[in-house]
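The values are calculated or read from the model by the stated rules, or taken from the named source; none is laboratory data. Remember, predicted model here, so these are calculated numbers, not experimental data. No Cβ is skipped: glycine too gets one built from the backbone with ideal geometry, and neighbour counts run over all protein chains shown. Areas reflect the complete protein model, heavy atoms only, side chains present, ligands, DNA and RNA absent. Shrake-Rupley method; radii C 1.70, N 1.55, O 1.52, S 1.80 Å.
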Amino acid sequence: MTQTLTADGFTAESFDDFVASRNEPGWLADARRDAWRTFTHLKWPSRSDEQWMRTDVRLFKLNRFAPPTGEAPNDAPTGLLSSGLELAGSILAHNSRPVRATLAQRWRDQGVLFGPIGELLAE
């Protein structure tokens, strides 16, 4: 089974490993790194901030989370919420890794692009 949490949590190293594991163009990796730098320089919200005054973030421990690692399994289950529905498209992902993407032929014929961003950008 794929392990998603690590003892290190969100660190610069784990983030760099995550970005390096993605099949994305360089400009997108650079944008992710810029976002990470911004995130690391921002201070945590406080209850005196209007948007956060009703949210207690003191119990949110970022070190208990980590960027996803590993590959998605080939035998991931189907989505339960979409059972019995006719969807225009859907993506099944496991730990931030796309497993399967579908798009109705009607929309493909009209030129709609749908799928994991890394794959779409590579194409």
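Quick rundown of the values:
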read-out: Helix 12-21 axis, angle to the chain major axis (alpha carbon atoms, nearest 10°); value: 10
read-out: For q = 0.15, 0.19, 0.22 Å⁻¹, Debye-computed log10 I/I(0) when each Cα of the chain counts as one equal scatterer; value: -0.96, -1.16, -1.25
read-out: Among E86, E24, E50: highest mean-square fluctuation, GNM of the chain, C-alpha pairs under 10 Å; value: E50
read-out: Within the chain: Cβ-based charge dipole about Cα centre, in debye rounded to nearest 20 (Lys, Arg +1; Asp, Glu -1); value: 420
read-out: Under-5 Å amide H pairs with V99, H placed in peptide plane, nonlocal only; value: L92, A93, H94
read-out: Heavy-atom accessible area ranking, 1.4 Å probe, most first, across L62, L28, L42; value: L42, L62, L28
read-out: Low-density loop positions, chymotrypsin sites (Phe, Trp or Tyr not before Pro), region 16-118 - DSSP coil, at most 16 other Cβ in 10 Å; value: F60, F65, F114
read-out: Protein accessible area in the chain, 1.4 Å probe - carbon and sulfur %; value: 55
read-out: Å² per residue, accessible surface of the chain at 1.4 Å; value: 79
read-out: Distance from region 91-123 to region 18-58 (C-alpha centre basis), Å; value: 25
read-out: Excluding exposed DSSP-loop trypsin sites (Lys or Arg not before Pro) (at most 14 other C-beta within 10 Å), longest clean stretch of the chain; value: 62-123
read-out: Length added when fully stretched, E123-L62, from 0.36 nm per residue minus Cα-Cα; value: 18.5 nm
